[in-house]
Structure formats: structure tokens, C-alpha cells
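One structure below.
Each reported figure results from applying straightforward, stated rules to the coordinates on display, with no laboratory input. Keep in mind that what you see is a predicted model, and the values were worked out from it rather than measured. Virtual Cβ from ideal backbone geometry, glycine too; neighbours counted across all protein chains shown.
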Amino acid sequence: MDPQTQNTSLQRLQNVERRVVRVLDIAGGVMEELSSPSGPRKDFVNSHCREFMQSIKDIQVTLREEIKSACEYRPFEKSDYNARIANEICFQKLEYVLSQLHDLEITLDHYPSSA
């Protein structure tokens, strides 16, 4: 990696670091709002949560690009990171659906059978 590329890469990583700090500030602001004695303002929490998620996605994209550009022989192209992350997300969604079905089954068990 030539010095110029390395310099711009470091600058991009410093920008990511600033964005990570901003994301933590956003999360802290939401936590403060949720603990407010007068109750959380829904619009505040929603907008900050959207900003948090978008920032996380942007950070992930930037870091992925940096990983790609840092590897001269490009082993990242054969990485299974994306597939593993997608698999983990699907697994968590499936666990959630199963828990909801279990809760539904418990609710149905509380009602007398009409048969």
C-alpha cells in the first residue's frame, strides 16, 4: 500500500472513529430520553433510532471497503462474512418468530376449547 493510499485510508478510519463516537452519543441520548421522568418523546426516540441504525450501516460499509482495499491479494472477496451475517440475522428472526408462536400457543391454551 503506497503512502498516499495509506494516508487517505487512515483519514477514512478516523472519520469512522468519529462516527462511532457520534453513534454512542445518539444511543446515550435515547437512553436519557427513555429514562425521562415525564416519559420518552416518541418522535425523539424514533428519529434518533433511525439515525443510529443508518450510522451503523454507514460505518459497516466504510469498514468493509477499508478491509477490501487493505488486502492487496484480495482474500476478502472469498470471505463468508456477508453470508454469516445474513445467516445470523435470519436465525435471530426465526428465533423471534418461534417465541411469538410459543406465546400464541400459551394464549390459546388459556381459552377453553370450543369443540
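Quote to one decimal, in nm, the extra length available between residue 8 and residue 62 on full extension: 0.36 nm per residue of separation minus the C-alpha distance between them.
Working: separation 54, 0.36 × 54 = 19.44 nm, distance 1.26 nm.
So the chain would gain 18.2 nm between residue 8 and residue 62.
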* Asked: In sequence order, what are the phi-derived ³J(HN,Hα) couplings for segment 22-32 according to the Karplus relation 6.51 cos²θ - 1.76 cosθ + 1.60 with θ = phi - 60°, rounded to whole Hz, with x for glycine and proline?
  -> 4, 4, 5, 4, 4, 4, x, x, 5, 4, 4
* Asked: Quick one: if the Förster radius is 30 Å, what FRET efficiency do residue 36 and residue 96 give, using the C-beta to C-beta distance and rounding to 0.05?
  -> 0.60
